[in-house]
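Please read the structure below before turning to the comments.
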Amino acid sequence: MPRFIAPILFLTVIIISLSGCLAEPVGEPITINGVTVPPIPSIAPENITQGEKLYAHYCAGCHGADLGGAPDWKQRLPDGSFPPPPQDSTGHTWHHSDSLLINMIKEGGDPDLGGVMPPFGDKLSEEEIVAILDFIKSNFEKKEREFQWWVTVTKVK
């Protein structure tokens, strides 16, 4: 075997291996109830980092440092309100669109629905609110992240 064949074979194997890695899709479109939306956009790592810090300062006191919410968060308290729900996949945040969640953080919880969360619109910019939501979303399981994106795009809730 000539001397140049071994390096060519080696390079061919490397190129074929790398081409498989490069062909991996960034994400797939999501179809729920027959409605397809584009793939989930990636979240910038710096947004997650900033959101984690803001969450720790503004949200963790009620929703838990681990995003776990209050125990028995589905049971009304004696005053008719609900305890703070989890912000991970075990809660219901992922059921709602980005626009609803941003508005809820800005305006506070809806008292008619048992919400007592105070408004943060005077404390946080919209960019900071989005960073908090990016941090929360980064902790969702895949199925919940996909559903929340689908709801955001289709504006179902």
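Values in this text are rule-based calculations from the coordinates and carry no lab data. These numbers come from a predicted model, not from an experiment. Cβ coordinates were reconstructed from backbone atoms using ideal geometry, including for glycine residues, and neighbour counts include every protein chain displayed.
Quick notes
- FRET efficiency estimate (nearest 0.05) - Cβ-Cβ, residue 46 to residue 74, R0 25 angstrom: 0.15
- Residue 57-residue 112 FRET efficiency (beta carbon distance; Förster radius 25 Å; 0.05 resolution): 0.30
- Sequence-distant residues sharing a close amide H with residue 30 (under 5 Å, placed H): 37
- Label-point separation in nm, residue 37 to residue 127, each point 7 Å along Cα→Cβ: 2.5 nm
- Distance violations [Cα-Cα > 25 Å] among 106/142; 53/74; 106/143; 53/142: 106/142; 53/74; 106/143
- Nonlocal amide H pairs with residue 89, under 5 Å, H built at 1.01 Å: 141
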